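Below is one structure, written out as structure tokens; comments come after it.
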Amino acid sequence: MSDIYQRIYQRKRMSATDAMSLVENGDFICVPTGVGEPPALLTALSEQRQTFHGVTVGQILPLRKFGYIDPATVDHVHHLSFFYGGATRPGGQEGWIDYLPSYFSEMPSMIMNRQIRVDVVFSMASPMDEHGYFALSLGTDYTMAAVSMARAVILEVNPNVPFTNGNCHVHISHIAGLVESDEAVLEVGLPQIGPVQEAIGEYVTDIIDDGSTLQIGYGAIPDAVVMQLSHKHDLGIHTEMIGDGILKLLECGAVTNRKKNYLPGKMVATFALGSQKLYRFMHRNPMLEMHPVDYTNDPYLAARNDKLVSINATLQVDLLGQCCSESFGPQPYSGTGGQVDFVRAANRSRDGKSFIVLPSTAKGDSISRIVPALSPGAHVTTGKNDVNYVVTEYGLAELRGKTARQRAQALIGIAHPDFRGELSEAARRLKLM
Ligand code: COA
């Protein structure tokens, strides 16, 4: 059988330049999260962009600034952000890159229900196995749904992409074009951790019980928490992003996945972001399953784990606990991602805990990130009815089950001491004290 698949493979193999003939004017091209973006295909699209009209590239967290991300050629090919990253943030803030608000968990259903219309998929993929399957292991996310809806699926097959377990496989019969590349998968290092991040990490780790199952979000503080969990026992992983922090916890024996009551013994994730070591670890590892994001981030499924802990960062919190995690006022900065999915999952989990973490100030201590009201135009990511623990370097405020007044008091108590006076005055004006 594998001979037949090899023959089909050779028939579908083409250059990245030729693969662009499978794209039509007006198409929507769906690209996976982060390192799942296929560099040869997106470079070829960039080079030929002037020959197209009205083509959209939709993606969460693009990492490279490809040539098509260019205000001068948006009529030809333009980016649509599901979550801004460094490559697309300037375009979002200047107004020539639009964004699509959504919960990460719901993107597959939006694709299946044609609220997001997908014509073409461009994705990195592992080499084909003997049964004719490729693994979309770096970004399984919404891409599996896109594969099922697209007119043309074009894979960039790279021997450095791991073949993983889980629902992340695409059969050669679904593929319109195969392009080969062999450059190393992009590495994303762990961020620098300073004393503020460390202090926040300590407050969080102090109340994480042995046997908890973790979701680790995106940003410096979630990573700082992970680095302080090495003395814990029997932790489990049910997350959206697998990174090097989780790998370190596994190596030191803190993660065993034994106490998970949903998929015991297994870690689940929907995209990867890390080092070559992480990508090698993922390869045919029975302990890890990569699944679509409507599975990993489904709050009801994740909540089947008792003691589910979610750790996510924010930019600004008001005195009710409403979190703006993705914009400065109306100006977009990142996106919603899976933050709300996992806050809700932790709230539903027996003895679960959701942590929203942030330094108490920004801009060299000149502004407080705990504020009486969010900046005008701010995008509310986690709402007041969902939020639970908010943590700064000054402590931890538990908000669920607390009244508006109790919340204001608890949040002022973890604000930077220089701002507590003015926050208390504002709270009195708002009749919160
Ligand atoms: N006012 C002005 N500037 C602010 C600010 C505020 N209220 N809050 C933060 N900033 C600045 C910081 O000083 C920093 O500036 P610098 O880059 O010049 O140092 C920058 O904004 C980023 O803030 P920081 O706290 O370092 O962000 P981070 O890299 O740790 O990421 C989020 C934090 C919130 C942006 C990121 O976690 C996110 O996008 N979350 C939403 C989605 C999510 O949680 N998904 C979950 C799983 S992926």
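The values are calculated or read from the model by the stated rules, or taken from the named source; none is laboratory data. Predicted model, so just to flag it, every value in this text is computed and none were measured. Cβ atoms come from the backbone with ideal geometry, glycine included; neighbour counts cover every protein chain shown. Note: areas computed on protein heavy atoms with side chains; ligands, DNA, RNA excluded. Shrake-Rupley method; radii C 1.70, N 1.55, O 1.52, S 1.80 Å.
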**Prompt:** In whole Hz, what ³J(HN,Hα) sequence does the range 139-150 give by Karplus (6.51, -1.76, 1.60; θ = phi - 60°), x for Gly and Pro?
**Reply:** x, 8, 4, 8, 5, 5, 5, 5, 4, 6, 9, 6
**Message:** What does the extension gain come out to for D418 and R13, with contour length at 0.36 nm per residue minus their alpha carbon separation?
**Reply:** 139.5 nm
**Request:** Scan the range 334-406 for trypsin sites (Lys or Arg not before Pro) in coil per DSSP, keeping those whose Cβ has at most 15 other Cβ atoms within 10 Å, and list them by number.
**Result:** R350, K363, K384, R400
**Prompt:** Whole number please: convex hull volume per residue of the Cα set in the range 47-161, in Å³?
**Reply:** 121 Å³
**Prompt:** Under 14 Å Cα-Cα from K277, which aspartates and glutamates qualify once same-chain neighbours fewer than 8 residues away are excluded?
**Reply:** E187, D244, E251
**Prompt:** What pairs from K248/K363; K353/K384; K248/K307; K232/K363; K259/K353; K232/K260 go past 23 Å between their alpha carbons?
**Reply:** K248/K363; K232/K363
**Request:** Would you tell me the accessible area of I4, worked out with a 1.4 angstrom probe on the heavy atoms of the protein chains, in Å² to the nearest 10?
**Result:** 70 Å²
**Request:** Report, by chain and number, residues whose modeled amide H sits under 5 Å from the one on I116, excluding near sequence neighbours (fewer than 5 apart, same chain).
**Result:** I111
**Request:** With springs connecting C-alpha atoms under 10 Å apart, model the chain as a Gaussian network and identify which of A135, A303, A184 has the largest mean-square fluctuation.
**Result:** A184
**Complete:** Looking only at aspartates and glutamates whose Cα falls under 14 Å of K402's and that sit 8 or more positions away or on another chain, we get D386
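Let me check I've understood the local charge: for E198, count other residues with C-beta under 12 angstrom from its C-beta, Lys and Arg +1, Asp and Glu -1. What total comes out?
-3
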**Prompt:** Tell me, how many Å apart are the Cα centres for the range 244-319 and for the range 325-353?
**Reply:** 16 Å
**Prompt:** Can you give the net charge of the other residues whose Cβ lies under 13 Å from the Cβ of C324, counting K and R as +1 and D and E as -1?
**Reply:** 0
**F355 long-range amide H proximity, modeled H, under 5 Å** = S310, I311, N312
**Prompt:** For Y295, Y142, Y203, what's the largest-to-smallest order of accessible area, 1.4 Å probe?
**Reply:** Y203, Y295, Y142
**Message:** 5 Å is the cut-off here: which amide hydrogens, built 1.01 Å from N in the peptide plane, fall below it relative to Y333, excluding neighbours closer than 5 in sequence?
**Reply:** S327, F328
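How about the range 250-299: which trypsin sites (Lys or Arg not before Pro) there are in a DSSP loop, with at most 15 other Cβ atoms within 10 Å of their Cβ? Show your work: numbers first, answer last.
Working: sites: R258, K259, K260, K266, K277, R280, R284; in loops: R258, K259, K260, K266, R284.
Taking the range 250-299 and a limit of 15 other Cβ atoms within 10 Å, the loop trypsin sites (Lys or Arg not before Pro) found are R258, R284.
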**Item:** D206 accessible area, assembled protein chains, probe 1.4 Å, Å²
**Value:** 120 Å²
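What is the ratio of the Cα radius of gyration of the chain to 2.2 N^0.38 Å, where N is its residue count, to two decimals? Can you show the working numbers first?
Working: Rg = 22.1 Å, N = 433, 2.2 N^0.38 = 22.1 Å.
Ratio of Rg to 2.2 N^0.38 Å for the chain: 1.00.
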